[in-house]
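The values are calculated or read from the model by the stated rules, or taken from the named source; none is laboratory data. None of the values given here were measured: they were computed from a predicted structure. As a convention, Cβ positions derive from the backbone with ideal geometry for all residues, glycine included, and neighbour counts pool all protein chains shown. Areas reflect the complete protein model, heavy atoms only, side chains present, ligands, DNA and RNA absent. Shrake-Rupley method; radii C 1.70, N 1.55, O 1.52, S 1.80 Å.
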Amino acid sequence: MINIDGHLFIIGFMGAGKSSVGEMLARRLGRPFYDLDERIERSAGAPVPRIFEREGEAAFRALETAQLQALEHESPGVVALGGGAVTTPANLPLMRGMGRVVYLKVSVGEALARIGDTSSRPLLSGPGGVLAATALYEARQGLYDTVADVAVDTDGKDTLEVVEAVIEALQEGGL
Ligand code: S3P
């Protein structure tokens, strides 16, 4: 049994599988699933790349924090966050105050291979390609580690295997 009162937040780099794992995990736990990027897109009436293009990253981050805050009024569920949500300092106490945090770990090579076409990821589709992705990846590792209650390796695993590993890690952590 998982005894988490609040939300279960899923964090990790782009391509870690946050949305697919989050959705399956929510079904397994009988909880609602919330995808933060989707909620941002609905509230802004535009896809993520268009928000970046028209208004810039800072505006996107403000929408991200507002949507995270709004989850306070939703019944406890599983929440897939965007890979950069941890880079806004205010988001860290918000997540910890509203529930528990699961970090899906992925190597940068596997992340890029899973993503394939980067056109829907504005931070990867610009100049710099793999080098830019690696720098971003390295800059974020410490943040993911700091905020996570549990961490699960995903390299070489399919969605079901990751979901099982998350449930096991939560149980082992007494959560
Ligand atoms: C971002 C990750 C994306 C999305 C936006 C910014 C990031 O979400 O929120 O493009 O900064 O890593 P995914 O991690 O679901 O791709």
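Just to verify a result, which residue in the stretch 151-166, among those that are part of a helix (DSSP H, G or I) and closer than 17 Å to Ala80 by Cβ, is most open to solvent (accessible area, probe 1.4 Å)? Explain how you work it out, then say what you get.
Just the residues of the stretch 151-166 that are part of a helix (DSSP H, G or I), to begin with: 159-166.
Imposing the further condition that a residue be closer than 17 Å to Ala80 by Cβ reduces the set to 159-160, 162-163, 165-166.
Values: Thr159: 45, Leu160: 84, Val162: 5, Val163: 0, Ala165: 25, Val166: 0 Å².
Restricting to residues being part of a helix (DSSP H, G or I) and closer than 17 Å to Ala80 by Cβ, the top hit is Leu160.
Restricting to the stretch 87-101, name every residue that is touching a residue at least 40 places away in the same chain (Cβ under 8 Å) and of a type in the set (A, V, I, L, M, F, W, C).
Correct list: Leu92, Met95, Met98, Val101.
Is it fair to say Val147 is touching a residue at least 40 places away in the same chain (Cβ under 8 Å), touching a Leu at 6+ places or on another chain (Cβ under 6 Å), over 23 Å from Val48 (Cα atoms) and not polar (S, T, N, Q)? Lay out the reasoning, then the answer.
On the way: touching a residue at least 40 places away in the same chain (Cβ under 8 Å): yes; touching a Leu at 6+ places or on another chain (Cβ under 6 Å): yes; over 23 Å from Val48 (Cα atoms): yes; not polar (S, T, N, Q): yes.
The answer is yes for Val147.
Which residues, counting only those in the stretch 23-51, are small (Gly, Ala, Ser) and touching a Gly at 6+ places or on another chain (Cβ under 9 Å)?
In the first step, residues of the stretch 23-51 are kept if they are small (Gly, Ala, Ser); the result is 26, 30, 43-46.
Selection gives Ala26 alone.
Search the stretch 120-133 for residues being open to solvent by 50 Å² or more (accessible area, probe 1.4 Å) and within 11 Å of the ligand (Cβ to nearest atom), and hand back the single one that is farthest from Gly82 (Cα to Cα).
Across the stretch 120-133, the extreme among qualifying residues is Ser125.
Sort out which residues of the stretch 1-22 are within 12 Å of the ligand (Cβ to nearest atom) and surrounded by fewer than 20 Cβ atoms within 10 Å (Cβ to Cβ), and write them in order of number. Walk me through how you get there before you give the answer.
Step one: filter the stretch 1-22 for residues within 12 Å of the ligand (Cβ to nearest atom), giving 10-22.
Within the stretch 1-22, Ser19, Ser20 qualify.
Condition check: of a type outside the set (Ser, Thr, Tyr), over 30 Å from Glu164 (Cβ atoms) and open to solvent by less than 60 Å² (accessible area, probe 1.4 Å). Does Arg61 satisfy that?
Details: of a type outside the set (Ser, Thr, Tyr): yes; over 30 Å from Glu164 (Cβ atoms): yes; open to solvent by less than 60 Å² (accessible area, probe 1.4 Å): yes.
Yes: the conditions hold for Arg61.
Here are Leu143, Leu104, Leu112, Leu136: which of them is among the hydrophobic types (A, V, I, L, M, F, W, C), under 15 Å from Glu57 (Cβ atoms) and within 13 Å of the ligand (Cβ to nearest atom)?
Values: Leu143 fails: under 15 Å from Glu57 (Cβ atoms); Leu104 fails: under 15 Å from Glu57 (Cβ atoms); Leu112 fails: under 15 Å from Glu57 (Cβ atoms).
Of Leu143, Leu104, Leu112, Leu136, the one residue that is among the hydrophobic types (A, V, I, L, M, F, W, C), under 15 Å from Glu57 (Cβ atoms) and within 13 Å of the ligand (Cβ to nearest atom) is Leu136.
Take the residues in the stretch 23-39 that are within 10 Å of the ligand (Cβ to nearest atom) and touching a residue at least 12 places away in the same chain (Cβ under 8 Å), then tell me which one is most open to solvent (accessible area, probe 1.4 Å). Let's see the steps before the verdict.
So in the stretch 23-39, the residues within 10 Å of the ligand (Cβ to nearest atom) come out as 35-38.
Adding the requirement that they be touching a residue at least 12 places away in the same chain (Cβ under 8 Å) leaves 35-37.
Numbers: Asp35: 20, Leu36: 2, Asp37: 49 Å².
Once the filter is applied, the top-ranked residue is Asp37.
Anything in the stretch 89-107 that is surrounded by 16 or more Cβ atoms within 10 Å (Cβ to Cβ) and either at pLDDT below 95 or in contact with a Ser or Thr (Cβ under 8 Å, 6 or more places away or on another chain) (or both)? List them, or say none.
Answer for the stretch 89-107, where residues must be surrounded by 16 or more Cβ atoms within 10 Å (Cβ to Cβ) and either at pLDDT below 95 or in contact with a Ser or Thr (Cβ under 8 Å, 6 or more places away or on another chain) (or both): Asn91, Leu92, Leu94, Leu104, Lys105, Val106.
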